[in-house]
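The values are calculated or read from the model by the stated rules, or taken from the named source; none is laboratory data. The structure displayed is predicted, hence computed values, not measured ones. With ideal geometry, Cβ positions are generated from the backbone for all residues, glycine too; neighbour counts draw on all protein chains shown. Ligands, DNA and RNA are excluded from the accessible area calculation, which covers all protein heavy atoms including side chains. Shrake-Rupley method; radii C 1.70, N 1.55, O 1.52, S 1.80 Å.
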Amino acid sequence: MADYGISAGQFVAVVWDKSSPVEALKDLVDKLQTLTGNEGQVSVENINQLLQSAHKESSFDIILSGVIPGSTTLHSSEILAEMARILRPGGSLFLREPVETAVVNNSKVRTTSKLCSALTLSGLVEVKELQRESLSPEEIQSVQEHLDYQSDSLLSVSITGKKPNFEVGSSSQLKLSLAKKTSPPVKPAVDPAAAKLWTLSANDMEDESVDLIDSDELLDPEDFKKPDPASLRAPSCGEGKKRKACKNCTCGLAEELEKEKSREQTSSQPKSACGNCYLGDAFRCASCPYLGMPAFRPGEQVLLSSNNLSDA
């Protein structure tokens, strides 16, 4: 029997299927019980019933599957994940499985690389191949009978993998060192030659060698002229046939149009020809537009309705 590192007091699970010879299975279990002793335990599980078993997480130290001589067990992804679940942290899985050496499309028998990838995806680490050997005539016949598969490029490979030293979903507190450093910060050394390039002192400048420019010489005669207010008006103000100030006008067009409107209203009022219209109807002529209106003070604005103007 191969050396699986089994010692006294360990819990070992042996997984078998219908291709496993019964006598070889019993012989393996007897040898394992001798190694584990009274304090250990050897459990025998059928691979088809493993998913329905009542094993708790982290139940076994070592799991052996397909290692029975003459066995041709295939391990699905679900079976590998279940084996990883019931393994204890740091426990090992040893399995033996027929593999294809040639690339065959849609083959139920995987290659060695795909089998190792499946073990890694199930949660195991340190996955490696232990041994590769040809199938015996009994194993070739077992593949044909139990797996309904026939190929001339089959080999038997033994692979092992370990469960990480932590359980899925476990947590650990991180210890962070937040102590303040008491030592003063060390400034980086500065090259004197480099520091001199970026240092400027008063002695480095000579007033006699520096030409100063008069600020007035920078201005042209056109810069001293007062601009025309009309040239400062926005281009959109007052353009077109109808002058109209824009919203929130700041160029003065709105005030200018308001003054023009008030002048038009003043000029549109009827003017007195005799100068006596404000005295009342007794002093007004027959064509006075203020006939029928009360007397008013000179200069007071009197608005006439359209009816009065039409009657006049």
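Candidate cross-link partners of K247 among the aspartates and glutamates, defined by an alpha-carbon separation under 13 Å and a same-chain spacing of 8 or more, comprise E255. Partners of K18 within straight-line reach, counting aspartates and glutamates whose Cα lies under 20 Å from its Cα and excluding those fewer than 8 residues away in the same chain: D27, D30, E45, E78, E82, E97, E138, E139, E145, D148.
Going through the cross-link list K225/K261; K26/K162; K26/K56; K31/K162, which pairs have a Cα-Cα distance over 31 Å in this structure? K225/K261, as the Cα separations exceed 31 Å there. Residues in the stretch 1-151 average 53 Å² of solvent-accessible surface per residue, probe 1.4 Å, ligands and nucleic acids excluded.
Net charge dipole, the stretch 11-163: roughly 500 debye, given to the nearest 20, about the Cα centre with Cβ charges of +1 for Lys and Arg and -1 for Asp and Glu. Using r as the Cβ-Cβ distance of V22 and Q173, and R0 as 51 Å, what FRET efficiency do you calculate, to the nearest 0.05? That gives a FRET efficiency of 0.50. By accessible area, using a 1.4 Å probe on protein heavy atoms only, the stretch 11-163 has 48% of its surface on carbon and sulfur. Each Cα pair under 8 Å and six or more residues apart adds its sequence gap; the mean of these over the residue count of the stretch 11-163 is a relative contact order of 25 percent.
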